[in-house]
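Student: I have a structure here, written as structure tokens, and I will follow up with some questions on it.
The values are calculated or read from the model by the stated rules, or taken from the named source; none is laboratory data. What you see is a predicted model, and the numbers here were worked out from it, not measured in a lab. Quick reminder, even Gly has a Cβ in these numbers, built from the backbone with ideal geometry, and neighbours come from all protein chains shown.
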Amino acid sequence: MKNLSWGFILLVFSAFLLNIDAFELRKGQKTERISGSAGDVLEDDPVGRLKVFVYELPSKYNKKILQKDPRCLNHMFAAEIYMHRFLLSSPVRTLNPEEADWFYTPVYTTCDLTPNGLPLPFKSPRMMRSAIQLISSNWPYWNRTEGADHFFIVPHDFGACFHYQEEKAIERGILHLLQRATLVQTFGQRNHVCLKEGSITVPPYAPPQKMQSHLIPPSIPRSIFVYFRGLFYDVGNDPEGGYYARGARAAVWENFKDNPLFDISTEHPTTYYEDMQRAVFCLCPLGWAPWSPRLVEAVIFGCIPVIIADDIVLPFADAIPWEDIGVFVDEKDVPNLDTILTSIPTEVILRKQRLLANPSMKQAMLFPHPAQPGDAFHQILNGLARKLPHDKSVYLRKGEKILNWTAGPLADLKPW
Ligand SMILES: *[C@@H]1O[C@H](CO)[C@@H](O)[C@H](O)[C@H]1NC(C)=O
Ligand SMILES: *[C@@H]1O[C@H](CO)[C@@H](O)[C@H](O)[C@H]1NC(C)=O
């Protein structure tokens with residue numbers, strides 16, 4: 001018992017030391033640029049490296065849907081809306097499809113919310129099919145490659161698998177008609193049927209102005225060691241437990257609910273954003289999907305993200321050195337989270353904080369309006385530019401067909 005309390009005192013004391021350092025750091029506002037290719041890639045300018053043609057679709061595929069439910073503008077899936085707006089006035093846009101490198105179809109498949117704001121993916125496959133049917137019959141470009149030089153924004157939980165439950169998403173698989181297209185999606189997990197090779201993983205949308213308005217003076221020390229707000233169990237959807245977050249969130253709660261270094265709860269306080277700025281580590285465990293807006297919030301607020309989601313593929317992983325910024329903990333190691341985090345040397349923590357303080361890191365996580373150099377829009381364009389030129393093999397021979405328009409669940413084939 002005595003040993004145990006000494007252990008606690010030592011832990012709390014080392015956390016205190018960290019705060020002093022963090023305090024010093026923030027006063028000096030030290031930042032560190034990521035050396036080597038990663039930093040350079042993050043600051044790339046896509047203008048002049050690609051041309052994008054934006055298909056003009058009837059407003060029932062985009063604007064009308066949004067008019068019906070403006071909540072979609074603030075939802076974590078809103079990237080599909082802002083990317084559309086961004087591209088319309090972007091210098092990479094071309095009005096001449098003959099000179100386009102990429103074709104973009106502005107279809108808002110995630111803007112169908114329940115009264116409580118939960119997104120319903122059930123109409124999405126039919127809507128997407130209908131949009132592809134329309135572009136392929138009104139323009140010659142889809143048939144030329146069957147979508148291989150087209151990209152789509154699909155920000156649902158499991159991307160173009162269009163279901164929020166993993167087993168159902170896996171069973172559906174990626175909508176067959178998108179098999180050759182490039183998918184820009186929030187979902188990222190290695191060796192998963194819902195992430196195909198060549199997809200671009202992006203951050204979820206988090207409202208930039210709102211986060212900005214909650215910034216606290218950088219001189220305020222980080223007095224919270226570990227911070228988390230969110231569900232540990234999802235009793236409604238997973239009454240027996242074990243499926244939700246593959247048990248990782250439950251393990252966080254059961255092991256650390258009484259640990260003074262852990263400020264964790266299901267209650268979402270109004271000071272949530274401020275609290276993250278006063279924390280050294282912010283837990284980013286998987287939920288139903290491996291990703292959540294916490295990751296973006298942690299980076300914006302300079303709180304070291306502790307990523308607990310085995311095999312996660314993080315946003316813009318080819319440009320952002322996530323291993324240097326965050327801490328990765330295997331789902332099975334959650335019971336040792338306290339030891340893992342308290343044994344990270346102070347210099348390592350300080351370096352991660354300096355990297356997080358780098359403005360280009362934060363910029364890449366946001367979809368601001370108006371757009372700014374280096375933001376998530378630009379990172380998506382950089383990702384598309386890096387895939388050019390297209391391989392000759394993407395252009396089909398005359399009469400060649402690869403896609404099967406009748407593949408997939410019967411219900412998806414009904415008109416939208
Ligand atoms: C593209 O191919 C489909 C058949 O696969 C055809 O119905 C359609 O008319 C073609 N589009 C154009 C613009 O020729
Ligand atoms: C297309 O898919 C349907 C449904 O899976 C299947 O019955 C049909 O044989 C496929 N057609 C071709 C040409 O592979």
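Student: Can you tell which of Glu171, Glu166, Glu197 is in contact (Cβ under 8 Å) with a residue 12 or more places away in the chain, among the acidic types (Asp, Glu) and either within 16 Å of ligand 1 (Cβ to nearest atom) or out of contact with any Ser or Thr (no Cβ under 9 Å at 6 or more places or on another chain) (or both)?
Tutor: Numbers: Glu171 fails: in contact (Cβ under 8 Å) with a residue 12 or more places away in the chain; Glu197 fails: in contact (Cβ under 8 Å) with a residue 12 or more places away in the chain.
Step by step, each of Glu171, Glu166, Glu197 is checked, and only Glu166 is in contact (Cβ under 8 Å) with a residue 12 or more places away in the chain, among the acidic types (Asp, Glu) and either within 16 Å of ligand 1 (Cβ to nearest atom) or out of contact with any Ser or Thr (no Cβ under 9 Å at 6 or more places or on another chain) (or both).
Student: I need the full set of residues from the range 63-79 which are outside any helix (DSSP H, G or I) and either modelled with pLDDT of 95 or more or among the hydrophobic types (A, V, I, L, M, F, W, C) (or both), in order please.
Tutor: Asp69, Met76, Phe77, Ala78
Student: Look at the range 366-416 and say how many of its residues are part of a helix (DSSP H, G or I) and either away from ligand 1 (no atom under 16 Å from the Cβ) or more than 27 Å from Ala79 (Cα to Cα) (or both). Walk me through how you get there before you give the answer.
Tutor: Taking the range 366-416 first, the residues part of a helix (DSSP H, G or I) are 376-385, 392-394, 410-413.
Subsequent filtering for residues that are either away from ligand 1 (no atom under 16 Å from the Cβ) or more than 27 Å from Ala79 (Cα to Cα) (or both) retains 376-385, 392-394, 410-412.
Adding up the residues that qualify gives 16.
Student: Inside the range 156-257, counting only helices (runs of 4 or more DSSP H) that do not spill past its ends, which hold 2 or more residues that are closer than 26 Å to Ala411 by Cβ?
Tutor: Because the criterion is at least 2 residues that are closer than 26 Å to Ala411 by Cβ, the helices (runs of 4 or more DSSP H) in the range 156-257 that meet it are 166-172.
Student: Of the conditions (1) over 26 Å from Ile81 (Cα atoms); (2) crowded, with 18+ Cβ neighbours inside 10 Å, Leu178 fails just one. Which one is it?
Tutor: (1)
Student: Quick one: how many residues across the range 191-240 are assigned by TED's automatic domain parsing to the domain that holds Asp318, on the phi > 0 side of the Ramachandran plot and touching an Asp or Glu at 6+ places or on another chain (Cβ under 9 Å)?
Tutor: The total comes to 0.
Student: What do you reckon, is Tyr104 within 16 Å of ligand 1 (Cβ to nearest atom), of a type in the set (Ser, Thr, Tyr) and modelled with pLDDT of 95 or more?
Tutor: no
Student: What's the number of the only condition in (1) in the same structural domain as Asp112 (by TED's automatic domain parsing); (2) out of contact with any His (no Cβ under 8 Å at 6 or more places or on another chain); (3) of a type in the set (D, E, K, R) that Arg172 fails to meet?
Tutor: Looking at each condition in turn, Arg172 falls short on (2).
Student: Restrict the check to the range 324-335 and report whether at least one residue is surrounded by fewer than 19 Cβ atoms within 10 Å (Cβ to Cβ), at pLDDT below 95 and either part of a loop (DSSP other than H, G, I, E, B) or within 16 Å of ligand 2 (Cβ to nearest atom) (or both).
Tutor: No, that holds for no residue.
Student: Applying the selection to the range 121-152, what residues are more than 25 Å from Phe77 (Cβ to Cβ) and either in contact with a Pro (Cβ under 9 Å, 6 or more places away or on another chain) or more than 16 Å from ligand 1 (Cβ to nearest atom) (or both)?
Tutor: Trp139, Pro140, Tyr141
Student: Further question: Of the conditions (1) at pLDDT 95 or above; (2) over 22 Å from the mean Cα position of the chain (by Cα), Phe232 satisfies every one except a single condition; which number is it?
Tutor: The one condition Phe232 does not meet is (2).
Student: Filter the range 40-79 down to the residues that are among the small types (Gly, Ala, Ser) and within 22 Å of the chain's Cα centre (by Cα) and list them by number.
Tutor: Ala78, Ala79
Student: Would you be able to say whether some residue in the range 266-273 is crowded, with 16+ Cβ neighbours inside 10 Å and assigned by TED's automatic domain parsing to the domain that holds Tyr244? Show your work before the answer.
Tutor: At the first step, the residues of the range 266-273 found to be crowded, with 16+ Cβ neighbours inside 10 Å are 273.
Cutting the leftovers down to assigned by TED's automatic domain parsing to the domain that holds Tyr244 gives us 273.
Looking for residues that are crowded, with 16+ Cβ neighbours inside 10 Å and assigned by TED's automatic domain parsing to the domain that holds Tyr244, one finds at least one in the range 266-273, hence yes.
Table: residues versus (1) at positive phi; (2) within 16 Å of ligand 2 (Cβ to nearest atom); (3) surrounded by 15 or more Cβ atoms within 10 Å (Cβ to Cβ).
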| position | (1), (2), (3) |
| --- | --- |
| Gln353 | no, no, yes |
| Ser360 | no, no, yes |
| Pro368 | no, no, yes |
| Ala376 | no, no, yes |
| Leu381 | no, no, yes |
| Leu396 | no, yes, yes |
| Gly399 | yes, yes, no |
| Trp416 | no, no, yes |
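Student: Something else now. Yes or no: Tyr82 part of a helix (DSSP H, G or I) and not small (Gly, Ala, Ser)?
Tutor: yes
Student: One residue is enough: does the range 114-125 have a residue meeting the conditions within 16 Å of ligand 2 (Cβ to nearest atom), over 25 Å from Arg397 (Cβ atoms), outside any loop (DSSP other than H, G, I, E, B) and assigned by TED's automatic domain parsing to the domain that holds Lys387?
Tutor: Yes.
Student: Which residue pairs have Cβ atoms closer than 6 Å, lie 6 or more positions apart in sequence or on different chains, and pair a first residue in the range 131-151 that is among the hydroxyl-bearing types (Ser, Thr, Tyr) with a second residue that is within 11 Å of ligand 1 (Cβ to nearest atom) and at pLDDT 95 or above?
Tutor: Taking only residues 6 or more apart or on different chains, the pairs are Ser136/Trp142; Ser136/Asn143.
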